[in-house]
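What follows is a single structure, written as structure tokens, with notes after it.
Throughout, read-outs are computed from the coordinates displayed, never taken from laboratory work. Predicted model only: the values in this text are computed from it and were never measured. All Cβ positions, even for glycine, are placed from backbone atoms using ideal geometry, and neighbour counts span all protein chains on display.
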Amino acid sequence: NAGVTQTPKFQVLKTGQSMTLQCAQDMNHEYMSWYRQDPGMGLRLIHYSVGAGITDQGEVPNGYNVSRSTTEDFPLRLLSAAPSQTSVYFCASQVTGFGNTIYFGEGSWLTVV
Amino acid sequence: DAKTTQPPSMDCAEGRAANLPCNHSTISGNEYVYWYRQIHSQGPQYIIHGLKNNETNEMASLIITEDRKSSTLILPHATLRDTAVYYCIVLKTSYDKVIFGPGTSLSVIP
């Protein structure tokens with residue numbers, strides 16, 4: 001998973017608090033995305049971006065905001081944390097073009113109490 | 001929704017070949033088939049991808065049927081460390097939304 005860095009790795013939030021999960025990649029990838037993974041479940045796409053200044057919603061965007069001001073960074077903001085947002089969050093990036101590999105970060109474990 | 005279907009779980013004896021099937025009957029001509037795996041709660045790991053020809057790398061082989069409606073990932077000599085959830089996805093370009101299905105949970109048994 002070299003090249004995609006997520007911080008923090010672990011976080012505990014109280015209901016109603018806001019926070020930002022950081023994601024950075026140093027591979028000059030245009031495509032970046034955020035997934036959440038609940039226990040025993042697959043990955044669900046939250047938001048994605050195909051380049052700086054361009055973002056779009058995935059499968060489960062409610063309760064999350066994103067922005068993409070630079071190619072390198074794609075932060076995920078929780079506006080008002082809810083227990084249902086307790087999950088593991090993965091950031092990913094991919095080079096443009098056909099048939100290119102997706103690189104994932106190591107994950108951020110978030111617990112909302 | 002995911003464009004692929006996979007069996008929810010499979011077992012394989014250690015040292016034997018693990019053959020993981022994937023159905024992608026609606027695949028279009030310029031969509032690639034990718035395989036990833038996820039061990040425990042680590043970030044998904046790339047295994048292999050292909051368009052229409054069979055592919056092989058140091059980790060696995062990918063066999064795509066001639067009509068491209070299904071594929072099989074082959075781990076030639078499965079080890080306990082290959083126990084993981086395996087995801088098959090189809091992608092056209094890097095601008096596609098990458099939707100994962102539930103994958104196949106492979107258990108390699110001693």
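With a requirement of 1 or more residues that are more than 13 Å from every other protein chain (Cβ to nearest Cβ) and within 25 Å of B:Ile89 (Cβ to Cβ), the strands (runs of 3 or more DSSP E) lying completely within region A:56-113 that satisfy it span A:64-66, A:76-78. Of the strands (runs of 3 or more DSSP E) lying entirely inside region A:8-51, those carrying at least 1 residues that are of a type in the set (Ser, Thr, Tyr) and either more than 13 Å from chain B (Cβ to nearest Cβ) or surrounded by 15 or more Cβ atoms within 10 Å (Cβ to Cβ) (or both) are A:19-25, A:31-37, A:43-51.
Looking at this structure, is B:Val85 surrounded by 16 or more Cβ atoms within 10 Å (Cβ to Cβ) and closer than 15 Å to B:Pro21 by Cα? It is true that B:Val85 is surrounded by 16 or more Cβ atoms within 10 Å (Cβ to Cβ) and closer than 15 Å to B:Pro21 by Cα. Scanning region B:33-54 for residues that are surrounded by 13 or more Cβ atoms within 10 Å (Cβ to Cβ), within 7 Å of chain A (Cβ to nearest Cβ) and farther than 11 Å from A:Phe104 by Cα returns B:His49, B:Leu51.
If only one of A:Ser69, A:Ser33 is polar (S, T, N, Q) and in contact (Cβ under 8 Å) with a residue 24 or more places away in the chain, which one is it? Please lay out each step first, then the result.
Working: A:Ser69 fails: in contact (Cβ under 8 Å) with a residue 24 or more places away in the chain.
Answer to the check: A:Ser33.
Taking the criterion of being out of contact with any Pro (no Cβ under 9 Å at 6 or more places or on another chain), surrounded by fewer than 16 Cβ atoms within 10 Å (Cβ to Cβ), within 11 Å of another protein chain (Cβ to nearest Cβ) and not acidic (Asp, Glu), the only residue of region B:1-32 that qualifies is B:Asn30. I'd like to know if region B:60-81 contains one or more residues that are without any contact (Cβ under 8 Å) to a residue 40 or more places away in the chain, buried (at least 17 other Cβ atoms within 10 Å of the Cβ), closer than 29 Å to A:Gly51 by Cα and within 14 Å of chain A (Cβ to nearest Cβ). No, region B:60-81 has no match at all.
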